[in-house]
Amino acid sequence: MSKYQTDSLFETEQADKTACHHIIRVAFESAADREFDYLVPDEIWPIQVGRRVEAPFGKKDKLQIGFCVAVEGKGQGDRGTEAQRPERAFKLKTIEKVSDKEPLLDSELMELARWISSYYVCPLGQVLAAMVPGAVKKAAGVKTQRCVYLASSISDIEEIIRQLRGKKQKQIVKLLHGRGAFNKETALESREVLEAAGCTNEPIKKLAERQIIKITEKTILKSLPAIPKGMAIKTEGRIILNEDQQKALTFFREKIDSGQFGVTLLYGVTDSGKTELYIRAIEAVLQKGRGAIVLLPEIALTTQTIQRFSTRFEKIAVMHSRLTASQRNSQWQKIKSGQANVVIGARSAVFAPLPRVGLIVVDEEHEPSYKQDTTPRYNGRDVAIKRAQLAGAHCILGSATPSLETLLNCKSKKYYGFVRLPKRVMDLPMPKMKLVDLRHGYTQKGINLISEPLAERLKEVLTKKEQAILLLNRRGYSNFVFCPSCKHTLHCRNCDITLTFHKSETFAGDRMRTVTGKHLRHGYAVCHYCLSQTLVPEKCPVCGKAMTMIGLGSQRLEEELARKFPEARTSRVDSDSMRGRDYYRVLKDFSDGRINILAGTQMLAKGLHFPNVTLVGIISADTSLYLPDFRANERTFQLISQVAGRAGRSAKKGVVFVQTFLPDQPAIQFALKGDFDSFVKEELKHRKACNLPPYWRLAAIEMRDMNFDKLEAACKKMREKIDRIIERDGLEAVVRGPMPAVISRIQRFHRMQITIQAPQAETIQQLFTGLRAAGPVRPAVRVAIDIDPVNLL
């Protein structure tokens, strides 16, 4: 092992004189971007790669847990000697304890971790820590049961029973024999045996001493039903595929039968039958004795997906953040032990310890929620492709509005395939799109969120006992608390952002900061970045005049619906209202017709299938267009198209009302026409002219500190380092910054940003390899590196 991965800073004398003939390399969950060598006592050898160990780390030698990532020597059985090892100028510390009975990560996942560490510029220890759920590392929900079974040496059971003198001992042996408790797997719980025999623990103890029975412990994990409570399985007949689906399935089967890695983009309009194709492809993989992983962008989508998949597959596991810790551990262990061959979950399910992966499906592959916003900042879609490559598996990327990066890959990379579903199932028509120009509805008193045309149509829908979905992609009640007199707005004290007013029903019971004086109404002004809260003053703190609220929010939409349609049963769906675990109940009530209108944020925009929905209203189509983001047009088109696809998914025709202040904006116009190809062609022109993704690669370095002068000095040092490496290695790259981030302060930290554009991913990798080797910048500030960022706020 090289001396680079050991650190003389942590030299110490070996206090423990226990024989140590082995060396392993350990990666800790720390910001230290390196691994460390440790001696292993013979008494705890062998230690396999992927197991966790406890070892002294840092100046104070505090015990920390890390992953074994390499074993020195010819093999794990090589005992070696000090003379056979490379000479070192210092003594190594010693592993204190092994935390796991077996590796948590196999060789394939370890290789995937190293790729993530390299590509996304993140310490290996932090990657490994993110790959294994915290619930698994803490053994959440694990209980041990004392069990008993007959010893294997017992041959003549009748003779054994005859020789026993104790009546209770005879009863216990007969019970174990009659119940077939002959090994650890079939062992009976000792408490159950004692209750059946009506005795204390003494007879079991005596039988164990005579080696007639054996005592063992079983690990019991809390199980999780595949179907959420309240969501009944609806059995469906065999679905007949249309011609386009048959061609797509034939293509998938050929790729799966080849046993080689490949990626296929399944580009199908909304309600074109993509989910059925996923199921058929998984069936083909299971027939070959391999498993499948299905990734979904939103936890919300898992409900209907699990419901549908459970009618076709028996061994399903679920992985997402709404599970309890014990449930999460139970599902992970179920996958690792081979009790599941189909895994359904959100982004992190790509790390499921599923053996023999044969297929990975990434539904709604264009979704930015696949990108992790904390370290390691990986993209679940791209990691899924890499895992498929390592496993020799096939990867299906499904979307009605594919990302521009994926579309370009289909043209430029040989291992990408392309399949298109241009029509809805049963030749159902696409919903009719109607534009509502909000500029004509504005008055001095403000604007109604529900325009007159949308309100009239909503009345018709309710009269026919049909259903509607209304989208407003903004939480809260109002996003500005504003003084019309002096133009003062209520800002967060910790962040460079205005506060959003939330009605009190959302945040009642939470901690809050109060202000003196009277207040406008029941509710709180909340920062969506640091989550700080304050009551809203009735009078402006600057001029003393009355304050008002400006802007849109899902709570305001809910209030307007209640006022205009008091007879309608309405439910709001956003991250605030769904804080509890009642989301499944809301969907079931909507499916059963107990709710007429669902109103909320983008949680409603994707994947949901409700045949009785005939109306979709997009309250403000241009919300995303105001963001300073080069992907704003793409996001707007995708959101309109996706939510529009919730309408008309049965013989009942659908209609979509698109309300906007920017009716002539190209993304909105293309979405109204359903012309994705023309939108892509136009958008790619602008991206190419500006050297933006997908033509060039992008990376962002965010640096932050509470002291602005210190931050500014560190940013200048970082820019100097970058410029030196580019000049030294002759790299082609465009560097911008340091410059203040769009939101220049969050949680009292000032934020600066450096962006790097390069024509090739290899250039970005070479640059950051040089930066990692050069060491941290001084003065020390917090640094976050984001490769292929999905937003630059």
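Observations on the model:
- With one equal scatterer per alpha carbon and no solvent term, the Debye-computed log10 I(q)/I(0) for region 535-627 at 0.11, 0.12, 0.21 1/Å reads -0.44, -0.51, -1.17.
- Within the chain, DSSP assigns beta bridges of which about 55% are antiparallel (rounded to the nearest 5).
- Region 134-219: C-alpha gyration tensor shape, a/c 1.5 cut-off, then a/b vs b/c: prolate
- For region 593-633, convex hull volume per residue from C-alpha positions, Å³: 96 Å³
- Cα-Cα separations in region 246-292 greater than 15 Å, expressed as whole percent: 42 percent
- Of Lys411/Lys673; Lys60/Lys717; Lys255/Lys413; Lys62/Lys717; Lys101/Lys315, pairs whose Cα-Cα distance is over 27 Å: Lys60/Lys717; Lys62/Lys717
- Debye log10 I(q)/I(0) for region 670-714, one point scatterer per Cα, at q = 0.23, 0.30 Å⁻¹: -0.80, -0.98
- Amide H within-cut-off set for Gln64, under 5 Å, with H built and near neighbours excluded: Ala55, Phe57
- With Cα atoms, 0 to 90° folded angle of helix 554-564 axis to the chain main axis: 60 degrees
- Shape category assigned to region 297-361 from the gyration tensor of Cα positions, a/c cut at 1.5: rounded
- The residues of the chain present an accessible area of 47 Å² per residue when probed at 1.4 Å with all protein chains retained.
- Compactness check for region 518-574: Cα Rg over 2.2 N^0.38 Å is 1.42.
- In sequence order, calculated HN-Hα J values of region 591-599 (Karplus, 6.51, -1.76, 1.60; Hz; x Gly/Pro): 4, 7, x, 7, 10, 8, 10, 9, 10
- When every Cα-Cα distance of region 579-672 is counted in 5 angstrom steps from zero, the calculated P(r) takes the values 2, 13, 22, 23, 16, 12, 9, 4, 0 percent.
- Taking Cα atoms only, the orientation of helix 107-119 departs from the longest principal axis of the chain by about 40 degrees.
- Pairwise centroid distance, computed over Cα atoms, of region 520-591 with region 660-685, Å: 31 Å
- Here the peptides 617-627, 475-485, 194-204 are ranked by packing, the mean other Cβ count within 10 Å, and the order with the highest first is 617-627, 475-485, 194-204.
- Using the Karplus relation 6.51 cos²θ - 1.76 cosθ + 1.60 with θ = phi - 60°, the per-residue 3J(HN,Hα) values for region 758-773 come to 8, x, 10, 5, 4, 5, 4, 4, 5, 5, 6, 5, x, 5, 5, 5 Hz, with x marking Gly and Pro.
- In terms of Cα atoms, the Rg and Dmax of region 244-335 work out to 14.6, 43 Å.
- Temperature 37 °C, viscosity 0.692 mPa s: under these conditions the Stokes-Einstein estimate for region 618-706, based on its Kirkwood radius over C-alpha pairs, is 221 µm² per second.
- Of the two radii for region 698-793, the radius of gyration is 0.95 times the Kirkwood radius, both from the alpha carbons; that is the Rg over Rh value.
- Spin-label pair Asn448/Thr311, simplified geometry with 7 Å Cα→Cβ offset, distance in nm: 4.0 nm
- For the chain, the longest principal axis of the Cα atoms and the long axis of helix 676-689 meet at an angle of about 90 degrees.
- The chain, accessible surface, carbon-and-sulfur percent (1.4 angstrom probe): 49 percent
- Rounded to the nearest Hz, the phi-derived 3J(HN,Hα) couplings of region 183-199 under the Karplus curve 6.51 cos²θ - 1.76 cosθ + 1.60 (θ = phi - 60°) are 7, 4, 5, 9, 4, 9, 5, 4, 5, 5, 5, 5, 5, 5, 8, x, 9, where x marks glycine and proline.
- Gyration tensor verdict on region 556-713 (Cα atoms; rounded if a/c is under 1.5, prolate if a/b is larger than b/c, oblate otherwise): oblate
- For the chain, the extents of the C-alpha atoms along the principal axes are 97, 66, 64 Å, listed from largest to smallest.
The values are calculated or read from the model by the stated rules, or taken from the named source; none is laboratory data. Everything numeric here is computed off the predicted structure, so don't read it as measured data. Ideal geometry is used to build each Cβ from the backbone, glycine not excepted, and the neighbour counts take in all protein chains shown. Accessible surface areas use protein heavy atoms only, side chains included; no ligands, DNA or RNA. Shrake-Rupley method; radii C 1.70, N 1.55, O 1.52, S 1.80 Å.
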